[in-house]
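The values are calculated or read from the model by the stated rules, or taken from the named source; none is laboratory data. Small disclaimer: the values here were computed from a predicted structure and weren't measured. Cβ coordinates were reconstructed from backbone atoms using ideal geometry, including for glycine residues, and neighbour counts include every protein chain displayed.
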Amino acid sequence: MGRGILIAFGVTATVAGAVVLIAKPDATKNVVQLGRHAGLLDEPPPPPESFDLVVDVSEGSSGGVRENVEQTIGVILERMSATPGSVLRVIAQGARVANAAVVSMVQSTTPTRNNQKARAAHAKRFIATSHELLMKAMEPVFAASPLVWQSPIAETIQWAALLSLPPGLPPGTARHIIVISDTHEATKEFGDFACGPLPSPPEFIKRLHGRDVLMPKSLEGIRIHFTFTEPHASPRRTCPPMTIARINAIRMLWTAAMKRANAAETTFETGVVTFRTHAEQGDDHVSIP
């Protein structure tokens, strides 16, 4: 019997065995795992996700640095390339929440062919074309002048959270809000984190809730990522030094506010955003009173 016939016989036997197993209760999962282990079946991609990138371009903020936005978009697009159907919306933060706007949006697609080489080429094209499109859409934002000192971070996060899921994404889709900002809220309603006296966490939450901002459950299931939070001296001469104690106090304010709003996760990065794996995200259980 020729070698090719032997191979064909082996594959046929495997498939036949699979049919027998499928006929048994709870056997389907075992058959699928066997096929993937043998290389006969591909691992399914992770489910799609929704990403809202908030860019704070107020005076002195890290969102006004083009390279920071470029890096962040690149990282998000790379993650999206492995999760067909995922959507990224880029949001420009304005001097007031009423000025916030979705600048551009892209959605990842499924490659037409499923072999590894085709998937890699598809991902490369998606990342390159989408990156160019999004950065071009940001040009008017970077070019706008003069920069303003007002920075309504809390209200802009709330605004982004209130956006409906992009078309095609089912209820329950994992959501991320990534904020490129120095985290220095600067509004008369909630405080001037760079230069003014800092409220206590309870007082900050009280101010927010007094204006229906970041209310309980308003961020339920949403992951908040503050990025490029590297401390810097304020351009305003009257501001106190940005000490480690003040930096930690500002983070405590945001952490308390996000927890009260039932965010699934709150992270701070001095550089570009990093995401947990899909398996780690799946282990989360949000139950914050």
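A few remarks follow.
- Residue, farthest from the chain's Cα centre (by Cα), within the stretch 192-213, restricted to residues that are touching a residue at least 24 places away in the same chain (Cβ under 8 Å) and within 29 Å of R66 (Cβ to Cβ): C195
- G282 meets the conditions (1) under 28 Å from R79 (Cα atoms); (2) at pLDDT 85 or above; (3) not polar (S, T, N, Q) in every case but one. The failed one is (2).
- Within the stretch 155-164, the set of residues being of a type outside the set (D, E) and surrounded by 17 or more Cβ atoms within 10 Å (Cβ to Cβ) comprises T156, I157, Q158, W159, A160, A161.
- Residue ID - nearest to D192 (Cα to Cα), chosen from residues in the stretch 52-79 that are of a type in the set (A, V, I, L, M, F, W, C) and touching a Leu at 6+ places or on another chain (Cβ under 6 Å): I73
- Single residue of the stretch 69-90 satisfying the filter (more than 13 Å from S50 (Cα to Cα) and of a type in the set (A, V, I, L, M, F, W, C)) that is surrounded by the most Cβ atoms within 10 Å (Cβ to Cβ): I73
- Failed item, numbered, when V148 is tested on (1) of a type in the set (A, V, I, L, M); (2) closer than 15 Å to I73 by Cα; (3) assigned to a loop (DSSP other than H, G, I, E, B): (2)
- Selected residue (criterion: nearest to G63 (Cα to Cα)) from residues of the stretch 114-154 that are polar (S, T, N, Q) and exposed (fewer than 13 other Cβ atoms within 10 Å of the Cβ): S145
- Among the residues of the stretch 106-120, some residue qualifies, meaning at least one is modelled with pLDDT under 95, in a helix (DSSP H, G or I) and touching a Ser or Thr at 6+ places or on another chain (Cβ under 8 Å).
- Each residue in the stretch 66-99 was checked for being part of a loop (DSSP other than H, G, I, E, B) and either over 19 Å from R175 (Cα atoms) or touching a Cys at 6+ places or on another chain (Cβ under 6 Å) (or both), and 3 of them qualify.
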